[in-house]
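Peer 1: Here you go, one structure.
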Amino acid sequence: MAITSIASQNKIRIAQQFSRAANTYNSAADVQLDIAFDAMAFLPSHYKTGLDIGCGTGRISQKLSTRCDNLIAMDLAFGMLEYAKQNTVLADPSISWLQGDADSLPLADNTVDMLFSSMVLQWSDNPLKVMSEISRVMTSGSNAILAIMCDGSFNQLNDSWLNIDSQRHVNNFASAQFWCDAAISQGLHVNMQEKQYVTWHQDIRMLLSSIKSIGANVVLKSSEPTDTAFSQSKNTFNRRTLQHLETYYQQKYAENMQLPLTYQVCFLHCSK
């Protein structure tokens, strides 16, 4: 199977899974909200035209719209966009909702002077292409604030799964430096910071549910035929396997009877 075909399949699965999670996302995505607020703290005051890549349920887009005369809120998942439009507290004429892909932004060159994205770009399998597209649509003197999950995320979960079987149950995340270098290679000036966030869960089912409830339980396929999403594996969620997973996780990582899950995030402040 061709790599391009696999990439297309991945995008379809991502869009479908996040669309399904639209109704549960806001109640489950506490750490995602914290990360987005931390990213917004890097934004200067006001812009003419902004772009929110991966707007999701729109809760951050509504806040970003106060910083822009016009905001384009874009997401790959149609279900997320529908939820966002239907649940915006007040109809905001400054927000335009758009379905689109970060790998191929449906915008003309040099059209936005503020670009924001939080916890989205790690889903791309081509950071260079993403950064090329971001640079392309940014005007001269514009700013981009990007919060991206990177290497080190979900390390406890990945290690615990590897103790059980050889299948890949957790995505590989590029390093913060890789993302930084990708942005620099596209002519952007970059300041980078990293921050670690840890969520705590009562048991393994609640930990896995915290990922599924936001739509992030898609393990991206590669050219290797053995790759599989844990949400689709028939054997993953049987009681015995989950018990083994929880036992190992508890013995190695638990603190005060709680299971940690790490989000390693890089913040890229890019200017053009």
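The values are calculated or read from the model by the stated rules, or taken from the named source; none is laboratory data. Just so you know, these numbers come straight off a predicted model, no measurement behind them. FYI the Cβ positions are ideal-geometry reconstructions off the backbone, even for glycines, and counts take in every protein chain you see.
Peer 1: Just give me the residues in segment 134-158 being within 16 Å of Cys55 (Cβ to Cβ) and not hydrophobic (A, V, I, L, M, F, W, C), in sequence order.
Peer 2: none
Peer 1: How many residues are under 24 Å from Tyr197 (Cα atoms) and either aromatic (Phe, Trp, Tyr) or under 14 Å from the mean Cα position of the chain (by Cα) (or both) if we restrict to segment 29-56?
Peer 2: 16
Peer 1: State whether one or more residues within segment 5-14 are crowded, with 23+ Cβ neighbours inside 10 Å, closer than 24 Å to Tyr197 by Cα and hydrophobic (A, V, I, L, M, F, W, C). Talk me through it step by step, then tell me what you get.
Peer 2: We begin by selecting, within segment 5-14, every residue crowded, with 23+ Cβ neighbours inside 10 Å; these are none.
The answer is no, given that none of the residues of segment 5-14 is crowded, with 23+ Cβ neighbours inside 10 Å, closer than 24 Å to Tyr197 by Cα and hydrophobic (A, V, I, L, M, F, W, C).
Peer 1: Restricting to segment 153-165, name every residue that is surrounded by fewer than 16 Cβ atoms within 10 Å (Cβ to Cβ) and out of contact with any His (no Cβ under 9 Å at 6 or more places or on another chain).
Peer 2: If the condition is that a residue be surrounded by fewer than 16 Cβ atoms within 10 Å (Cβ to Cβ) and out of contact with any His (no Cβ under 9 Å at 6 or more places or on another chain), then Asp159, Asp165 are the ones that fit.
Peer 1: Something else now. Is segment 110-131 home to any residue that is free of Cβ contacts under 8 Å to residues at least 12 places away in the same chain and of a type outside the set (D, E, K, R)? Please lay out each step first, then the result.
Peer 2: Our first condition is that a residue be free of Cβ contacts under 8 Å to residues at least 12 places away in the same chain; within segment 110-131, this holds for none.
No, because not a single residue in segment 110-131 is free of Cβ contacts under 8 Å to residues at least 12 places away in the same chain and of a type outside the set (D, E, K, R).
Peer 1: Right, here's the next one. What are the residues in segment 152-199 that are closer than 18 Å to Lys129 by Cβ and of a type in the set (A, V, I, L, M), if any?
Peer 2: Selection gives Ala174, Ala182, Ala183, Ile184, Leu188, Val190.
Peer 1: Search segment 183-242 for residues being part of a helix (DSSP H, G or I) and among the hydroxyl-bearing types (Ser, Thr, Tyr), and hand back the single one that is modelled with the highest pLDDT. Let's see the steps before the verdict.
Peer 2: Keep residues of segment 183-242 that are part of a helix (DSSP H, G or I), which gives 183-185, 204-212, 239-242.
Restricting the remaining residues to those that are among the hydroxyl-bearing types (Ser, Thr, Tyr) gives 185, 209-210, 241.
On the way: Ser185: 97, Ser209: 91, Ser210: 91, Thr241: 88.
Here the residue is Ser185.
Peer 1: Now, a different point. Is there any pair linking a residue in segment 14-28 that is over 11 Å from Tyr83 (Cα atoms) and free of Cβ contacts under 8 Å to residues at least 60 places away in the same chain to one that is surrounded by fewer than 20 Cβ atoms within 10 Å (Cβ to Cβ) and aliphatic (A, V, I, L, M), with Cβ under 8 Å and at least six apart or on different chains, and which?
Peer 2: Filtered contacts from segment 14-28: no entries.
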